[in-house]
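Below you'll find the structure, written out as structure tokens, and then a few comments.
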Amino acid sequence: MQAASHCYPLLHFSGRGRSSKLSNHTSVKFFSLNRIPQKFDFNVGAQIQKVLKPSKLKRFCVIPNSNDGYPSLSVSEEDTTTSEKDTMVEEWENGGETFLSKWSPPRYLWRGLSVLILAGQVIVRSIKGKIHWRNTLQQLARVGPKSVGVCLLTAAFVGMAFTIQFVREFTRLGLNRSVGGVLALAFSRELSPVVTSIVVVGRIGSAFAAELGTMQVSEQTDTLRVLGANPVDYLVTPRVIASCIALPFLTLMCFTVGMASSAFLADGVYGISINIILDSAQRALRSWDLVSAMIKSQVFGAIISIISCAWGVTTMGGAKG
């Protein structure tokens, strides 16, 4: 084969970094430069050769061959620098990374959003009447009667500590007849709902999160879905309803025990009669004070149960959580 001195360029396209030679009976289809596909197929007899689109440009040149009368095809490699626009287009066509492809929201963010979603589901399912009453009664017995002891004990000591802090100062100022009213208003408006909610968070909230977290990790919630039961109806809604019903009654009991412990301490230590304390509390206390305390505790119960259940159903990674 004698190489001619003339080289006739046919087209530029992207190919691999290897030379290609086409022999006789080779058919090559050339496309427009603006519509070059990602792959080129060269049919050589019964074989199919695929050339992928590379990062370097290739030039086809036809060199006339005087021996057999057929032109031969050779490839010469040229190093060219692609523009930034072409690089971005290629990454987009190949499914490359976008601006938010590697970003994932923090765990506390999507768990916080799950609390709102779960609260909406509980409200909707409760309005539709899809409540598992047997589980609700079981959770009510667990949140209410089984939590009475620790709640009353905590309220008694909080009441005595609160009495020690301010009764001594009131007796110095000669305000013995105002002690009962201050105690009643403090317990009914603030102390009783808060103390009850704190005790329930430590005892019931942690239990809810641990139970539902274990069910989620061991795929028991998925089993409920397979059996056709909604986990929200069967697990979450009964706990929320039980907490909303039990906490107001626990708050009233804590208010009563706190007032009793404060009155006994004031009578025994500071010499203020129990009758004076009860009379002052009766004059200062209004019915709305007790109603507001029950409403607060009911709201606290709903928040505690929903957050605990949401943290349980979003648990991952086994016992570590």
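Counting only protein chain heavy atoms and rolling a 1.4 Å probe, the accessible areas of Lys146, Lys130, Lys296 rank, largest first, as Lys146, Lys130, Lys296.
The Stokes-Einstein estimate for the range 218-260, based on a Kirkwood radius over Cα pairs and taken at 4 °C with 1.567 mPa s viscosity, is a diffusion coefficient of 103 µm²/s. Counting only protein heavy atoms and a 1.4 Å probe, tell me what percentage of the range 111-314's accessible area is made up of carbon and sulfur. Carbon-and-sulfur percentage of accessible area, whole number: 67.
Per residue, the range 152-232 exposes 52 Å² of solvent-accessible protein surface, assessed with a 1.4 angstrom probe and all protein chains in place. Put a dot 7 Å past the Cα of Ile164, heading toward its Cβ, do the same for Leu227, and the two dots end up 5.2 nm apart. The 3J(HN,Hα) values that the Karplus relation (6.51, -1.76, 1.60; θ = phi - 60°) gives for the range 161-166 are, in residue order, 5, 5, 5, 4, 5, 10 Hz. Gly and Pro appear as x. Phi angles of the range 272-279 translate, via the Karplus equation with coefficients 6.51, -1.76, 1.60 and θ = phi - 60°, into HN-Hα couplings of 8, 5, 5, 4, 5, 5, 5, 5 Hz per residue; Gly and Pro are given as x. This model, with +1 at the C-beta of Lys and Arg and -1 at the C-beta of Asp and Glu, gives the range 111-314 a dipole about its Cα centre of some 280 debye. Ordering Thr214, Thr136 by accessible surface, largest first, gives Thr214, Thr136; the 1.4 Å probe counts only protein heavy atoms, with every chain in place.
Gain on full extension, evaluated as 0.36 nm per residue between Val291 and Lys130 minus their Cα-Cα distance, stands at 55.1 nm. Sorting Phe264, Phe208 by accessible area puts them as Phe264, Phe208; the probe is 1.4 Å, largest comes first, and only protein heavy atoms count. Over all distinct Cα-Cα pairs of the range 111-314, the Kirkwood formula returns a hydrodynamic radius of 18.4 Å.
Taken over the range 174-281, the ratio of Cα radius of gyration to 2.2 N^0.38 Å equals 1.64.
The values are calculated or read from the model by the stated rules, or taken from the named source; none is laboratory data. Here the structure is a predicted model, which is why all the values come from computation and not from measurement. FYI the Cβ positions are ideal-geometry reconstructions off the backbone, even for glycines, and counts take in every protein chain you see. When the accessible area is computed, the model is the full protein with side chains, heavy atoms only, and any ligands, DNA or RNA have been set aside. Shrake-Rupley method; radii C 1.70, N 1.55, O 1.52, S 1.80 Å.
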